[in-house]
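Since the structure comes first, as structure tokens, the remarks are kept for the end.
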Amino acid sequence: MKKLFFTLVVAGFAFTANAQPPAGDAKPGEWYGDKVSTEGAMNITDVAAKLEGGSPAFEGVKVKAKIVEVCSKKGCWVKLELADGKTAMVKMKDYGFFLPLAAKGKTVVIEGDVSMKTTSVAELKHYAEDAKKSKEEIDAITEPQKEVKVMAKGIVVVE
């Protein structure tokens with residue numbers, strides 16, 4: 001019985017520890033996921049404009065952007081700054097890596113696939129909960145949103 005209790009306690013602590021964003025300062029040169037070089041990176045705003053103009057998805061592209069939000073639960077998604085106050089949503093490929101909260105405000109180069117997709121109301125509310133938005137802000141989400149999405153294979157901090 002003691003072994004079972006001990007095992008449950010250890011598993012509980014492990015689960016709690018895993019539910020936190022990674023520690024770190026997200027300093028220039030630090031990378032997450034696959035190692036990424038900065039050569040050939042395009043500005044995310046230019047890529048977004050092409051997608052909004054009807055271009056097909058970009059596969060294996062490198063984009064440079066400023067992070068404006070990091071998932072406060074695990075660091076499992078980030079939002080990038082676009083023009084006119086819009087943002088692009090970034091998820092990590094295969095949920096394989098996370099970013100520290102310190103990445104907010106940093107400029108990064110991301111290698112991955114970029115496309116225009118519609119995000120459901122349920123998913124938007126989930127992200128708002130992760131971001132610790134108020135109940136009123138979450139309840140105000142009533143329509144799906146078409147947005148730029150990035151599936152990141154790797155991210156490197158540049159500034």
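The values are calculated or read from the model by the stated rules, or taken from the named source; none is laboratory data. Model, not experiment: these values are computed from the prediction. Positions of Cβ are generated from backbone atoms using ideal geometry, with glycine treated the same way; all protein chains shown enter the neighbour counts.
On the given criteria, is G105 buried (at least 19 other Cβ atoms within 10 Å of the Cβ) and at positive phi? Walk me through how you get there before you give the answer.
On the way: buried (at least 19 other Cβ atoms within 10 Å of the Cβ): no; at positive phi: yes.
When the stated conditions are applied, G105 does not pass them.
Scanning segment 108-122 for residues that are exposed (fewer than 15 other Cβ atoms within 10 Å of the Cβ) and either of a type in the set (V, I, T) or within 14 Å of the chain's Cα centre (by Cα) (or both) yields T118, V121. Test G75 against the stated conditions and say whether it is surrounded by 19 or more Cβ atoms within 10 Å (Cβ to Cβ) and modelled with pLDDT under 95. Yes; evaluated as a whole, the condition is true for this residue.
Mind counting the residues in segment 52-82 that are more than 17 Å from I110 (Cα to Cα) and not basic (K, R)?
First, the residues of segment 52-82 that are more than 17 Å from I110 (Cα to Cα): 52-56, 72-74.
Filter once more, keeping what is not basic (K, R): 52-56, 72.
Within segment 52-82, residues that are more than 17 Å from I110 (Cα to Cα) and not basic (K, R) number 6.
Look at (1) of a type in the set (F, W, Y); (2) at pLDDT 95 or above; (3) exposed (fewer than 13 other Cβ atoms within 10 Å of the Cβ) and you find that Y32 fails only one, number (3). Pairing each residue of segment 135-159 that is surrounded by fewer than 20 Cβ atoms within 10 Å (Cβ to Cβ) and at pLDDT below 95 with any residue that is in a strand (DSSP E or B) and not polar (S, T, N, Q), provided the two are 6+ apart or on different chains, yields C-beta distances under 8 Å for K146/M116; K146/K117; E147/A88; E147/M89; E147/M116; E147/K117. Report whether or not S55 is among the hydroxyl-bearing types (S, T, Y) and either touching a helix residue (DSSP H, G or I) at 6+ places or on another chain (Cβ under 6 Å) or touching a residue at least 60 places away in the same chain (Cβ under 8 Å) (or both). Spelling it out, it is not the case that S55 is among the hydroxyl-bearing types (S, T, Y) and either touching a helix residue (DSSP H, G or I) at 6+ places or on another chain (Cβ under 6 Å) or touching a residue at least 60 places away in the same chain (Cβ under 8 Å) (or both).
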